[in-house]
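A.B. asks: Quick one: structure below, then a few questions.
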Amino acid sequence: MVQRCMGWITAASVVTADVTLLFLRLFKQSSSNMGDREYPIILCHGPTKHELIVSGDMTVQDLVVKVEEVTQVPRGHQKILHKGRNLVNSSSNLSQLGVGHGAKVMILGKISPQRTEVEEEEEDKESEAIRKIDMSCTGLETTLNEVITNVNCIERNFDTHSRGEALGRFRKKSLGINEEFMRLLEQLDGLELQENAKVRRKCVVRRIQTLMEKSDRLHDQINNLRVKYP
């Protein structure tokens, strides 16, 4: 009786091992085939659902591009969740991540607003206006640096001829540069801009403010030298 029971146990163990081996083979074959064929997954973006055809060997970055095309959510603003995991920063492909046939993938992110041709033309005009002001700023910066060089020469006694007269000219020139900087700031302030252009304007404003501080230091330097060399 004991021998018969041991035989049953041995037979059951062999069957279990064979079934397990068969399952592993089928699973391996299924996983390897996943990358070779196309299949649908479901993108869930808010209340909207989209069916998207993918393949197992598709990378996450490829998926990000397709998600943008389908949902209009910009690539840099996407969160792609599968079973609670954010896939965006993954370097694996969909097969490796277990995103198989019929998988539900949640998309988080705001849709990028579509701009009209009029809006694009307006933004181009705004960018051009800011660019021209920035170029004017570059010209003033060059002039300012030239004045600073000349004043430094006087301070170091490299130019002793008519120092008082020269300092008077440079003082007048530095004041004119500051007035031009103020004029550019007023022009920037008067522009009615869209959000993207506002960021560019802010950068130019900061540049002008930095140069005005530099010009103020030059003005103080000239005044001190005029006391020394009347």
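The values are calculated or read from the model by the stated rules, or taken from the named source; none is laboratory data. Just so it is clear, the structure is predicted and the values come from calculations on it, not from any experiment. Glycine gets a Cβ as well: all are built from the backbone with ideal geometry, and neighbour counts include every protein chain shown. Heads up: the accessible areas ignore ligands, DNA and RNA and are worked out on the full protein's heavy atoms, side chains in. Shrake-Rupley method; radii C 1.70, N 1.55, O 1.52, S 1.80 Å.
A.B. asks: Do you know which of the residues in the stretch 65-88 that are under 20 Å from the mean Cα position of the chain (by Cα) and aliphatic (A, V, I, L, M) is most open to solvent (accessible area, probe 1.4 Å)?
C.D. replies: This residue is VAL65.
A.B. asks: Same structure again: Restricting attention to the stretch 207-227, and to residues there that are open to solvent by less than 70 Å² (accessible area, probe 1.4 Å) and of a type in the set (Val, Ile, Thr), which single residue is farthest from the chain's Cα centre (by Cα)?
C.D. replies: Start the filter on the stretch 207-227 by keeping residues that are open to solvent by less than 70 Å² (accessible area, probe 1.4 Å), which leaves 207-208, 211-212, 214-215, 218-219, 221-223, 225.
Those left that are additionally of a type in the set (Val, Ile, Thr): 208, 222.
Numbers: ILE208: 25, ILE222: 44 Å.
Taking the candidates together, the pick is ILE222.
A.B. asks: Here's a follow-up. For the stretch 66-91, give me the residue count where each residue is of a type outside the set (D, E, K, R) and in contact with a helix residue (DSSP H, G or I) (Cβ under 7 Å, 6 or more places away or on another chain). Don't jump to the end; show me each part of the working.
C.D. replies: Within the stretch 66-91, the subset of a type outside the set (D, E, K, R) is 67, 70-74, 76-78, 80-82, 84, 86-91.
Subset that is in contact with a helix residue (DSSP H, G or I) (Cβ under 7 Å, 6 or more places away or on another chain): 73-74, 78, 80, 82, 87-88, 90.
Count: 8.
A.B. asks: While we're on this one: Given the criteria modelled with pLDDT under 90 and part of a helix (DSSP H, G or I), does GLY139 qualify?
C.D. replies: On the way: modelled with pLDDT under 90: no; part of a helix (DSSP H, G or I): yes.
No; evaluated as a whole, the condition is false for this residue.
A.B. asks: Just to be sure I understand, how many residues within the stretch 103-123 are modelled with pLDDT of 80 or more and farther than 28 Å from LEU81 by Cα?
C.D. replies: Residues of the stretch 103-123 that are modelled with pLDDT of 80 or more, as a first pass: 103-111.
Retained after the next criterion (residues that are farther than 28 Å from LEU81 by Cα): none.
Final tally of qualifying residues: 0.
A.B. asks: In the stretch 74-100, which residues are more than 17 Å from GLY46 (Cα to Cα) and touching a Gly at 6+ places or on another chain (Cβ under 6 Å)?
C.D. replies: The answer is LEU94, SER95.
A.B. asks: Against the definition (in a helix (DSSP H, G or I), within 17 Å of CYS137 (Cβ to Cβ) and over 38 Å from the mean Cα position of the chain (by Cα)), how does LYS173 come out, yes or no? Explain how you work it out, then say what you get.
C.D. replies: On the way: in a helix (DSSP H, G or I): yes; within 17 Å of CYS137 (Cβ to Cβ): yes; over 38 Å from the mean Cα position of the chain (by Cα): yes.
Yes, satisfied.
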